[in-house]
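No lab work stands behind these numbers, since they all come straight from the coordinates. What you are looking at is a predicted structure, and each value in this text was computed from that prediction instead of being measured. Please note: Cβ atoms are built from the backbone with ideal geometry, for glycine as well, and neighbour counts cover all protein chains shown.
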């Protein structure tokens, strides 16, 4: 079987790609993105695009069985709302349409807690709009993961993340793990849950909230 992952160089995608590589049932792991995955394994095939808007042009190279989308940015990194939507909406939808075209057994995607198309918060609104379009594609199996604030070993410093880490440590002393998970999500744990659920074959649309990651 073949796994196709978009966003393999990101915080969650890096962990996820390694899990897929180590799974013997996958004979190939196709990593598509704007730069090489950096993963040294015979199973890995890198498809490098100049821009994510080129995804549809590469559709014939992205034929697989299980698709995993960990694409995502921030308004600060994107530089504008328009650029943010190019990644967190359009690129994700394009990737899902490719999965649909190739009759994927499953499409797994990272969304966010608070995703709602009617939200007055731009970030949550875009995430919600993306979710709605994905549902309309009627994929055989769609998994939407809604993590809380993602934390992990990033190269760049993020103030909100540093605060979340400190607060989650304090909260974990007084509250059960499910309550803590509503506040912050470990990237490695998200990758593990995506791997475990994303390679199953049960049909339908499923939303996995932060407390279950």
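Computed quantities for the displayed model
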| quantity | calculated |
| --- | --- |
| All Cα pairs of the range 51-126, percent lying beyond 21 Å | 30 |
| Ranking of 29, 133 by count of other Cβ atoms within 10 Å, fewest first | 133, 29 |
| C-alpha long axis of helix 122-136 to longest principal axis of the chain, angle in ° | 40 |
| Where labels lie 7 Å past Cα in the beta-carbon direction, separation of residue 54 and residue 41 in nm | 2.5 |
| Mean ellipticity per residue at 222 nm, deg cm²/dmol - from DSSP H runs of n ≥ 4 across the chain, formula -39500 (n - 2.57) | -10500 deg cm²/dmol |
| Fraction of alpha-carbon pairs over 18 Å apart in the range 1-114 - percent | 46 |
| Helix axis angle, 92-101 relative to the chain longest principal axis, alpha carbon, degrees | 40 |
| Debye log10 I(q)/I(0) at q = 0.16, 0.21 Å⁻¹ for the range 7-55, Cα point scatterers | -0.41, -0.68 |
| Size-normalised alpha-carbon gyration radius of the chain, reference 2.2 N^0.38 Å | 0.98 |
| FRET efficiency for residue 196 and residue 63, using Cβ-Cβ distance with R0 set to 22 Å, rounded to 0.05 | 0.40 |
| Sequence of 77, 119 once ranked by neighbouring C-beta atoms within 10 Å, starting from the fewest | 77, 119 |
